[in-house]
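Working notes, beginning with the structure itself.
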Amino acid sequence: FAAAARDSAFIENSGQCTALRHVVAPGAQALAPADLERRLLGPAKGGTDEAVSAMASVDALETAQFAALLSEAPELSAGKPASPRFASAADELRAAGYSIVGDAASATSLAARDARDRVAWRVHDLAAPRRDAVFDEHWRRVVLDLTAPKSRAALMDEATIRDLAAWILDAQPISVVVNKASVDDPEALLFARRLWERTAQVVFGVGDVARPALTAQARPQDGEIFGEVPPRARLDAHTAAVVAVPSSTPSYATAYADDYLRSLLASPAPPGPATPVIDACDDDLAKGYCLELLRYLADAAVGPRRAVQGAPRDVLWGLQRPPLGPNGATWLRLSANDAFDDAAPAIVAFLATNAASQLRVSVHPANAAAAARLADALGPAFLQDALATRRTDAQFADDVAAAAPWNVLRAADFRAGAAYGPDARYSLASHFVARLFPIGHVKSTRSDDLAFRHVFEASPKWLRATATYSAAYPADRPSLGGAPCRAAATDAGLRALGPEKTAPPPPPRGTVPSRRCRDHAWPSAAARSPPRGDLPIRADVRAATTWCLLRHHLPDNANAPLSLRGACCMLRASL
């Protein structure tokens, strides 16, 4: 575990955005400083080589040392302090209670000499960080804080989990990992799930003593969705959208065409908990956008999806509910001049999923029109249960400060064009939903971890559309990851798609079809289904895109692996 902490903290000499900054280590307060320093700087258990070495960055690259101490990084005694009261960063750290390698006379090992004046740590004799605890990033400096519960049992206590989750929500680190004491440690696995359920992490890892998880691990190509997200209640102070990797950069400045949204009105929403809200909207564009949200959620909010089989780690990814527990509420505010239609999409997104109980709505006393329409659409009982509806802006601010909900939404933020620029109307459904719900993944360091999947797939934290809307808008394309417990993209699963015998259309103008798959041709125009989930795309553009992808990547079908030919079906169906 000390080796995993060192690699996570030292990576690129603390220059990675996911470099470790804080550790919860039961019993660490009982270690003498020299012993703690030896564990942190020494080789892994059973190893003989010195673990820490200082070298130039070019030498680190040439020798594949991702966690070396870089000689270009300034020593702490030469670093600039945050406060002018101190002469150096080292003096500032010592005043704050940190120990620095080289301060103790016992620091005589080669590793300690290389790390001298470059590594600092501090131990907190607490079960969990205080919610108001602030840890400076110390970019390019190896600085670690260790919170030390008395024991493993103290760490897994319900009160500790509550306090730890509250701090994580407020600090919103990029990644959190839990390392089990053994490969088979069901108690620690349940602890990891309880902590994950009460937070909103984009990256959450589970490792063990034989294969520990690092904080600096994310492979988006394997479904390990990555992103840096501010604390949700303060999202608008930093950004207008939650950016995930992988995702399309231009899509964040993309809006739906008005004609497309109006075209959705031809198929009204089926009866369901969110439908009265859609019917109560005055603006046709707002109604169309709400319908698009229903279609998107029916397709995307299906619980966890598993990464492609054969990935080095077992990954579950997908949309999540807000944190479960006392700190997971989302408050939606309609001020005196906010229109009901501005708030309707957010309300629809919650009511159409298993997160409906986590929404709270507050209406200004002067906004009688919005309150009346909410009561008509949802019934007065909804407003009674959802929050006091007659609160001034000042009273609402006091309520937020006292309760500290996970997310605070304001209808004005969703007013057409308010968040995405003067030319934008309604952003893509995926980006809007990401403002409301957590995204990301949870993973095991093992490639086929049945125990991990059994525990995490069953969690109520995964976002799911209600059965009414899932049945009304069935997904029209296969998923590589699949729903919970569904097999990944194996040959057997792809074989079930079967070959299509549709005659291939002529190639789009300007292309030379040097290779194509004769058994899996692009379907005829009559057989194509309309696109879902994004902006409508011209059929000829879609056909040309697919043709180019298949032409460059698919060999003659006679010798192609079955999985590759089946993937052709998947690609065509998805586009």
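Laboratory data are not the source of any read-out in this text; all were calculated from the coordinates shown. None of the values given here were measured: they were computed from a predicted structure. Please note: Cβ atoms are built from the backbone with ideal geometry, for glycine as well, and neighbour counts cover all protein chains shown.
Segment V209..A467, full-extension length gain: 88.8 nm, with 0.36 nm per residue of separation and the alpha-carbon distance subtracted.
Between A159 and R219, residue separation times 0.36 nm minus the direct Cα-Cα distance comes to 18.3 nm. Summary of packing: across the peptides 13-21, 62-70, the per-residue average of other C-beta atoms within 10 Å ranks them, highest first, as 13-21, 62-70. In units of the rule-of-thumb radius 2.2 N^0.38 Å, segment 431-475 shows an alpha carbon radius of gyration of 1.50.
The listed peptides 461-474, 245-258, 25-38, ordered by packing as a protection proxy, come out as 461-474, 25-38, 245-258 (highest mean of other Cβ atoms within 10 Å first). Each of D282 and S57 was given a label point 7 Å from its Cα along the Cα-to-Cβ line. The distance between the two points is 5.7 nm. For K180, the aspartates and glutamates whose Cα falls under 19 Å of its own Cα, not counting residues fewer than eight places away in the same chain, are D7, D157, E158, E197, D208, D314, D448, D449, E457.
Spatially, segment 187-203 and segment 253-326 are offset by 25 Å when compared through their Cα centroids. Close amide H contacts of L144 (hydrogens built in the peptide plane, cut-off under 5 Å, sequence separation of 5 or more or a different chain): A120, W121, R122. A simple rule links phi to the HN-Hα coupling: the Karplus curve 6.51 cos²θ - 1.76 cosθ + 1.60 with θ = phi - 60°, which for segment 358-374 gives 9, 8, 10, 10, 10, 10, 5, x, 7, 9, 5, 5, 5, 5, 5, 5, 5 Hz, with x for Gly and Pro. Sorting 333-344, 130-141, 186-197 by their mean Cβ neighbour count within 10 Å, with the most densely packed peptide first, gives 333-344, 186-197, 130-141.
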